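Worksheet for the structure shown next.
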Amino acid sequence: MRAVAGSVRTVRIGVLASGTGTILEALLDADLPIVVVVVDRRCRAEKVAERSGVPAVVLERRDFGESFDRDAFTSQVVAALAASGADVVAMAGFGTVLGAALHEAFPSRVLNTHPALLPAFKGWHAVEAALAAGVKVTGCTVHLATLEVDDGPILAQEAVPVLEGDDAHSLHERIKQVERRLYPATVRSFVDGLREPSAQPDATVVGAPDMRTGGLRATHPPTGSLETRNGEQQ
């Protein structure tokens, strides 16, 4: 992102999505400066972008086997983001793991939301894993994505109780309700920080669980340098 000395311009966001587009809708409803939505398959998210007047780029992934050229696909995604002038990338349920080229092009500027209180329950089936573990509290995490799966500096977390009789669908829906509020707010705070070089994004922790008791315990912002990491799906 470059600007004339003394001036401040809008930080532009590219969104990567694969599914129903509910998180994308929340980002758009927050009036964030989204300049492109890239999808890896035909999905509702593409239509959500188009209805909002945001260009949608379809890079349809056809190979899900061992022969899949991840680096070549990543290069296509990076090219689409770069063509739009995006400065920051927000993952919104993107179903393809991307390679190092994404993080080289957007160092410390790839954000992801995950339906668990990381570092607990990493991976694509986090909600099911939380239920199987019998925890009383789970939640969602917004973090900087890196090449390691669901790992990287935490920007915000909020706890969601597991209720008696919950199944994966009911629990995930309540987590999504939190995500639709927490993710846009965190992305907003992050891009505002980029506009002010002296500002550093702090982690916001609404509540994190003590896995033994189900109660909430305080957690602290991460220390050290910021890296980027991409949540892995396929």
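Every number in this text was worked out from the coordinates using simple rules, so none of it is lab data. Because the structure is predicted, anything quoted here is derived from the model rather than measured. Cβ placement follows ideal geometry from the backbone for every residue including glycine, while neighbour counts extend to all protein chains displayed.
Residues whose amide H lies under 5 Å from that of Val160, counting only those 5 or more places away or on a different chain, are Thr138, Gly139, Cys140; hydrogens are built 1.01 Å from N in the peptide plane. Using the Karplus relation 6.51 cos²θ - 1.76 cosθ + 1.60 with θ = phi - 60°, the per-residue 3J(HN,Hα) values for the range 115-123 come to x, 6, 8, 4, x, 6, 6, 6, x Hz, with x marking Gly and Pro. Across all Cα pairs in the range 9-107, the calculated P(r) in 10 Å bins from zero up to the longest distance comes to 16, 53, 27, 4, 0 percent per bin. Close amide H partners of Ala90, meaning residues 5 or more places away or on another chain with modelled amide H under 5 Å apart, are Gly14, Val15, Leu16, Leu111.
Rounded to the nearest Hz, the phi-derived 3J(HN,Hα) couplings of the range 170-182 under the Karplus curve 6.51 cos²θ - 1.76 cosθ + 1.60 (θ = phi - 60°) are 5, 5, 5, 4, 5, 5, 4, 4, 6, 4, 5, 9, 6, where x marks glycine and proline. Put in order of Cβ neighbour count within 10 Å, fewest first, the listed residues Val39, Val191 become Val191, Val39.
Each residue of the range 156-165 is assigned a 3J(HN,Hα), and the resulting list reads 7, 9, 8, 7, 10, x, 8, 8, 4, x Hz, derived from the Karplus form 6.51 cos²θ - 1.76 cosθ + 1.60 (θ = phi - 60°), x at Gly and Pro.
Where in the range 30-132 are there chymotrypsin sites (Phe, Trp or Tyr not before Pro) that are in a DSSP coil and have at most 10 other Cβ atoms within 10 angstrom of their Cβ? Those satisfying the criteria are Phe64.
The slack in the chain from Phe64 to Glu148, taken as 0.36 nm per residue of separation less the alpha-carbon distance, amounts to 28.2 nm.
In this calculation the C-beta distance from His125 to Thr10 is compared with R0 = 30 Å, giving a FRET efficiency of 0.25.
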